[in-house]
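*Asks:* What follows is a single structure, and I will ask about it in a moment.
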Amino acid sequence: MPHVDTTRLGVHSHVMTFVDTTADLTTREVAQLLRVQYRRVGIWCRTGKIPGAYQTPGGIWRIPRAALAGQLEATPNPEKW
């Protein structure tokens with residue numbers, strides 16, 4: 001996967017790689033970026049800790065890049081979400 005400059009998300013503290021820099025992220029992609037279990041990301045989505053996260057009609061969580069960037073700016077340490 002190509003390396004993408006993190007400034008596209010407004011986040012400078014994490015190394016991020018994406019295939020598509022315009023699509024919303026999956027729980028697995030967010031988990032890889034934050035170095036946590038993908039199930040934890042799903043819990044964050046269900047409990048509203050990632051504002052803007054939504055479920056597709058098939059029940060798959062999607063996280064807009066701007067929502068992730070905003071959450072990281074507000075609370076840079078995901079362990080405290």
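*Asks:* Taking the range 55-81 as the region of interest, how many residues are in contact with a Phe, Trp or Tyr (Cβ under 8 Å, 6 or more places away or on another chain) and loosely packed, with under 13 Cβ neighbours inside 10 Å?
*Replies:* Here the count works out to 2.
*Asks:* Among what's in the range 34-81 and is of a type in the set (G, A, S) and in a loop (DSSP other than H, G, I, E, B), pick the residue that is farthest from T22 (Cα to Cα). Quick ask: steps written out before the conclusion?
*Replies:* First pass over the range 34-81, keeping only residues of a type in the set (G, A, S): 42, 48, 52-53, 58-59, 66-67, 69-70, 74.
Next, only the ones that are in a loop (DSSP other than H, G, I, E, B) stay: 48, 52-53, 58-59.
Working: G48: 23, G52: 15, A53: 15, G58: 21, G59: 21 Å.
The qualifying residue farthest from T22 (Cα to Cα) is G48.
*Asks:* Restricting attention to the range 30-68, which residues are among the charged types (D, E, K, R) and either at pLDDT 95 or above or within 13 Å of W81 (Cβ to Cβ) (or both)? It would help to see each step written out before you state the result.
*Replies:* Of all residues in the range 30-68, those among the charged types (D, E, K, R) come to 35, 39-40, 46, 49, 62, 65.
Result: R39, R40, R46, K49, R62.
*Asks:* Return the residues of the range 34-51 that are in contact with a strand residue (DSSP E or B) (Cβ under 7 Å, 6 or more places away or on another chain) and within 15 Å of T75 (Cβ to Cβ); say none if nothing qualifies. Spell out how you get there, then give the answer.
*Replies:* Our first condition is that a residue be in contact with a strand residue (DSSP E or B) (Cβ under 7 Å, 6 or more places away or on another chain); within the range 34-51, this holds for 42, 45, 50.
Selection gives I50 alone.
*Asks:* Sticking with this one: List the pairs whose first member sits in the range 10-36 and is closer than 11 Å to L68 by Cβ, whose second member is at pLDDT 85 or above and assigned to a loop (DSSP other than H, G, I, E, B), and whose Cβ atoms are under 6 Å apart, counting only residues at least 6 apart or on separate chains?
*Replies:* D24/P64
The values are calculated or read from the model by the stated rules, or taken from the named source; none is laboratory data. No experiment lies behind these values; they were computed from the predicted model shown. Because the Cβ atoms are built from the backbone with ideal geometry, glycine has one as well, and the counts that use them run over all protein chains shown.
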